[in-house]
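Peer 1: Take a look at this one; I'll ask things after.
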Amino acid sequence: MFDLMYDTIFFASKVNFFGLSNITIGAFDIALAYIVAILCSIVVALVLKIPLLPSKPYRYSFDVSAIYPTPIIAVGILSIFLVLNYTFMYNGLVLAVIIGVLSALFVKYLFDFVFPKPLDENAGEDIDE
Amino acid sequence: MNEVIGIIIAAILCWLNFVIVDTYFGLPEQPGVRGASIIGKDIEKRGGDIAGGFFQGNVLCSPDASAGTLLASIGYLLLGIPGGIIAAFLVFIGNRLCADPGYAGTVGSLTATIIIFLTSFIGLTPEMFIVGMVIAILTIMGIDQTRASIVLGKVAKKFNRHARE
């Protein structure tokens, strides 16, 4: 009989022996591309005068900083390109640099427009029973 | 590795991962969203701990380290290490859409990806982590909420993140 669930998962993870899916560039190149993307996004974010660390009690992540949302966005987008097996030139290095710069620009200029802050800053605390 | 033993080990690792990350980033201290506060106060009324109640409410209402661990293991199963990182990125977007201030979800899924990668050398597979994470969530949400909230309150006190201090 058709075992749909097993077949789907088996097909999706068929080439996934080394935890790197069906990417054609080597493991070292992938690690290098990730490091370049992280460093590039942090450096460009610092050049654009985004503060390095978030504000002190680490509870309110709507304040953007160079450490928290910028490298996450960069490696997330880079991962999507890698698993789609689109690695442009020089084993993905050019792609990593472009994505790092673009994610820093996104965090600086578009972040508050795409993800606006909630109006009520301490939502959830002012509840009368 | 034997599947049952692997699932037990994976469940313990998942439980430690998401409880430690969530407690460190202050889930028991304050309700991040509105529903979490209601659940926390209701659990306290039934004889539980307010910090554990806030913890359970935050786990239920918005993506944090528990959802991050589950999504990271699913992403790792399908796409490998990049899948875990994509899961972290999607959890980040989910946090923004829920208006949830917090770092726990993204950090939790990144640490889960690292744990799954490291334990893959001793034979644990991502499937075991998916089942283990479901069991781990069941132990704090499904079996006995008030007793689980007392345990979570003790963990929060140990990390100095209790709501009443």
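Peer 1: Just counting partner chain Cβ atoms within 10 Å, what average do the residues of peptide B:70-83 show around their Cβ? Before the final figure, lay out the partial values.
Peer 2: Values: counts 0, 0, 0, 0, 0, 2, 4, 4, 7, 12, 14, 13, 15, 9.
Mean inter-chain Cβ contacts per residue within 10 Å come to 6.
Peer 1: Explain nothing, just the number: relative contact order of chain B, from Cα pairs under 8 Å at least 6 residues apart, as a whole percent.
Peer 2: Relative contact order comes out at 34 percent.
Peer 1: Once the Cα atoms of helix B:145-158 and of chain B are each reduced to a long axis, what angle between those two axes, in degrees from 0 to 90 to the nearest 10, is obtained?
Peer 2: That helix lies at roughly 90 degrees to the long axis.
Peer 1: So, R0 is 41 Å and r is the distance between the beta-carbons of B:I114 and B:D42; what FRET efficiency does that work out to, to 0.05?
Peer 2: Numbers: r = 36 Å, r/R0 = 0.87.
Approximately 0.70, to the nearest 0.05.
Peer 1: Net charge near B:Q145, counting Lys/Arg +1 and Asp/Glu -1 over other residues with Cβ under 12 Å of its Cβ?
Peer 2: -1
Peer 1: Can you give the Rg to Rh ratio for region B:100-165, taking only C-alpha atoms and Rh from Kirkwood?
Peer 2: 1.05
Peer 1: Against the empirical 2.2 N^0.38 Å scaling, what ratio does the C-alpha Rg of the protein assembly as shown come to? Intermediate results must be reported in sequence, preceding the final value.
Peer 2: Working: Rg = 19.9 Å, N = 294, 2.2 N^0.38 = 19.1 Å.
Compared with the compact-globule rule of thumb, the protein assembly as shown sits at 1.05.
Peer 1: While we're on this one: If we count other beta carbons within 10 Å of each Cβ, what is the order of A:V43, A:V75, A:V101, B:V19, fewest first?
Peer 2: A:V43, A:V101, B:V19, A:V75
Peer 1: Counting only helical runs of four or more DSSP H residues, what would the 222 nm mean residue ellipticity of the protein assembly as shown come to if each run contributes -39,500 (n - 2.57) and the total is spread over all its residues?
Peer 2: Calculated at 222 nm, the ellipticity per residue is -20500 deg cm²/dmol.
Peer 1: Return B:M133, A:M89, B:M141 ranked ascending by Cβ neighbour count within 10 Å, so the fewest neighbours appear first.
Peer 2: Ranked by crowding around the Cβ, least crowded first: A:M89, B:M141, B:M133.
Peer 1: Still on this structure, please answer the following. Could you put B:I12, B:I116, B:I7 in order, starting from the residue whose Cβ has the fewest other Cβ atoms within 10 Å? Before the final figure, lay out the partial values.
Peer 2: Numbers: B:I12 13, B:I116 28, B:I7 21.
Ordered from fewest to most neighbouring Cβ atoms within 10 Å, B:I12, B:I116, B:I7 come out as B:I12, B:I7, B:I116.
Peer 1: For chain B, find the longest principal axis of its Cα atoms and tell me its angle to the long axis of helix B:104-119, 0 to 90°, nearest 10.
Peer 2: Rounded to the nearest ten degrees, it is 30.
Peer 1: How many lysine pairs in the protein assembly as shown, separated by 8 or more positions in sequence or lying on different chains, have Cα atoms less than 28 Å apart?
Peer 2: The result is 16.
Peer 1: Between 0 and 90 degrees, rounded to the nearest ten: what's the tilt of helix B:65-79 against the longest Cα principal axis of chain B?
Peer 2: It is inclined by approximately 20 degrees.
None of the figures in this text is laboratory data; all of them are computed from the coordinates on show. From a predicted model like this one, the values you see are computed outputs, not experimental measurements. As a convention, Cβ positions derive from the backbone with ideal geometry for all residues, glycine included, and neighbour counts pool all protein chains shown.
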